[in-house]
Amino acid sequence: MEKKFFQLVSCSMIASLIFVGCSNQNNNINELNKNKDLKIGIVTNKTGIKDHSLNQAVWEAIEKTSKKHGWKENEHYKYLNAKSEADYQKYLKKFAKEDYDLIFAVGYPFKEPLKKVISKDEKNNYALIDAIVDKPNVVSITFHEEQSSFLAGIVAAMSTKSMKVGFVGGSKGKLIEKFEYGFKAGVKSIDPKIKVISKYANAFDQPEQGTKLASTIYSSGADVIYQAAGVTGLGVFSEAKKLKKNGKKVWVIGVDRDQYKEGLPENVTLTSAIKDVDKAIDEVITKTIKGNFQGGRILRFSIKDHSVRLSDEKKNLNKDIKEQVSLYADNIKSGKIVVPTTKEEFDKFSPVKPEKEATKKKVKIMN
């Protein structure tokens, strides 16, 4: 009996040691996965990482994720600022030759240059933001910008006193048209009689052109402008601030990131249509660390996952506007409102009166 007891104890001790060993081994594996270092390259267009728009939003998102992993700039992540279109391919190739694990190309103008690069490079992994390249070593990160633009239209329509609002776009194309027609659909949903004046700068890096277009639109009687024009859009803020100093009450709706500060100290930022790249970038990086790079996939982020929305800064929005924004957002999430992305879709768009979602009452079950 005593011998049998010691045999049982010995077996238990061995089993415990094996369990602890396996547990420690798993912890080590998890720790390795958690702390695995990547080399991440980012190529931006000439407006750079201080553009107060998309490039900056992407850079800040990568910094945020890198901080979580204890990574250092230039050691684990680095950016190259492409001053011209000729640099697009050049800098993508540079990161590839230096064996970076993940290479980000920021913006739809990179679509064709990236296609040319990967035609000769199937080894390196790429992430393209705002465009689609359907290749096994590219993950395409896209957003439903029309949805946040629709909400911007709701705000503009409920804020205008002149029954005229404006839109300033960078360069015409499918992406920026999503902003324009989403915005127009939001305005139309509040009041089809409100006029929308649209202007394009044909550039994303010319703030002086943004100032000129804003001046034209405000002079035409508009008192709210939604800008989707990168650095060019900063010129819209400049014009609005100048007019506000001279006693004219006008507003700007920012884009891509919270641009509340761009309107200070004159306080001309009504709200901003956010494209929250943080979640998208963190997801792509985290899965790459775990060996699950999402090559060949098209990731589409929307209002449902809170990736497109209006900014949290709501000082300049009254209670009624905030309630309507929330109501319309819920109806877009549920699919009751489908926001147009093109002129053809907008021409067919009929405003839908938003409905409050029915609250589910708990039913008490009687025994």
### Query
Across the range 126-137, which residue is nearest to the chain's Cα centre (by Cα) among those that are surrounded by fewer than 24 Cβ atoms within 10 Å (Cβ to Cβ) and touching a residue at least 40 places away in the same chain (Cβ under 8 Å)?
ASP130
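Does the range 191-198 include one or more residues that are within 17 Å of the chain's Cα centre (by Cα), part of a strand (DSSP E or B) and not hydrophobic (A, V, I, L, M, F, W, C)?
Residues of the range 191-198 that are within 17 Å of the chain's Cα centre (by Cα), as a first pass: none.
No: the range 191-198 contains no residue that is within 17 Å of the chain's Cα centre (by Cα), part of a strand (DSSP E or B) and not hydrophobic (A, V, I, L, M, F, W, C).
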### Message
What's the number of the only condition in (1) touching a helix residue (DSSP H, G or I) at 6+ places or on another chain (Cβ under 6 Å); (2) in a helix (DSSP H, G or I) that LYS135 fails to meet?
### Response
(2)
### Message
Residue under question is ALA214, and the condition is that it be of a type in the set (Gly, Ala, Ser), in contact with a Gly (Cβ under 7 Å, 6 or more places away or on another chain), open to solvent by less than 70 Å² (accessible area, probe 1.4 Å) and in a helix (DSSP H, G or I); does it hold?
### Response
yes
### Residue ranges of helices (runs of 4 or more DSSP H) in the range 260-358 with at least 1 members of a type in the set (A, V, I, L, M)
277-289, 319-334
### Query
Within the set of pairs 6 or more residues apart or between chains, which connect a residue that is under 13 Å from ALA185 (Cα atoms) and open to solvent by less than 20 Å² (accessible area, probe 1.4 Å) inside the range 323-342 to a residue that is β-branched (Val, Ile, Thr) and part of a loop (DSSP other than H, G, I, E, B) with Cβ atoms less than 7 Å apart?
TYR328/ILE337; ILE332/VAL339; ILE337/VAL352
### Query
For GLN227, all conditions in the list (1) open to solvent by less than 40 Å² (accessible area, probe 1.4 Å); (2) assigned to a helix (DSSP H, G or I); (3) under 20 Å from ILE154 (Cα atoms); (4) in contact (Cβ under 8 Å) with a residue 60 or more places away in the chain hold save one; what is the number of the exception?
(2)
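Can you name every residue in the range 263-286 that is over 30 Å from HIS76 (Cα atoms) and either open to solvent by 40 Å² or more (accessible area, probe 1.4 Å) or of a type in the set (S, T, N, Q) (or both)? Reasoning before the result, please.
Pass one, the range 263-286, residues over 30 Å from HIS76 (Cα atoms): 263-273.
Of everything in the range 263-286, those that are over 30 Å from HIS76 (Cα atoms) and either open to solvent by 40 Å² or more (accessible area, probe 1.4 Å) or of a type in the set (S, T, N, Q) (or both) turn out to be LEU264, PRO265, ASN267, THR269, THR271, SER272.
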### Query
Given the structure, is ALA358 open to solvent by less than 60 Å² (accessible area, probe 1.4 Å) and either at pLDDT below 95 or touching a Leu at 6+ places or on another chain (Cβ under 8 Å) (or both)?
no
### Query
Looking at the range 235-262, which of its residues are open to solvent by 10 Å² or more (accessible area, probe 1.4 Å) and touching a Leu at 6+ places or on another chain (Cβ under 7 Å)?
TRP251, ASP256, GLU262
### Message
Exactly one condition in (1) closer than 21 Å to PHE179 by Cβ; (2) at pLDDT 95 or above; (3) out of contact with any Lys or Arg (no Cβ under 7 Å at 6 or more places or on another chain) is false for PRO109; which is it?
### Response
(2)
### Task
Using the structure shown, decide if ILE141 is in contact with a strand residue (DSSP E or B) (Cβ under 6 Å, 6 or more places away or on another chain) and in contact (Cβ under 8 Å) with a residue 12 or more places away in the chain.
yes
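Identify all residues within the range 295-317 that are under 25 Å from TYR100 (Cβ atoms), open to solvent by less than 40 Å² (accessible area, probe 1.4 Å) and in contact with an Asp or Glu (Cβ under 8 Å, 6 or more places away or on another chain); write none if there are none. Even if it seems obvious, please write down each step before you answer.
Of the range 295-317, the ones under 25 Å from TYR100 (Cβ atoms) are 295-299, 301.
Remaining after also requiring open to solvent by less than 40 Å² (accessible area, probe 1.4 Å): 295-296, 299, 301.
Across the range 295-317, the qualifying residues are GLY296, LEU299, PHE301.
The values are calculated or read from the model by the stated rules, or taken from the named source; none is laboratory data. Quick caveat, the model's predicted, so the values are computed rather than measured. Reconstructed Cβ throughout: ideal geometry from the backbone, glycine too, with neighbour counts over all protein chains shown. We work out accessible area using only protein heavy atoms, side chains counted, and drop any ligands, DNA or RNA first. Shrake-Rupley method; radii C 1.70, N 1.55, O 1.52, S 1.80 Å.
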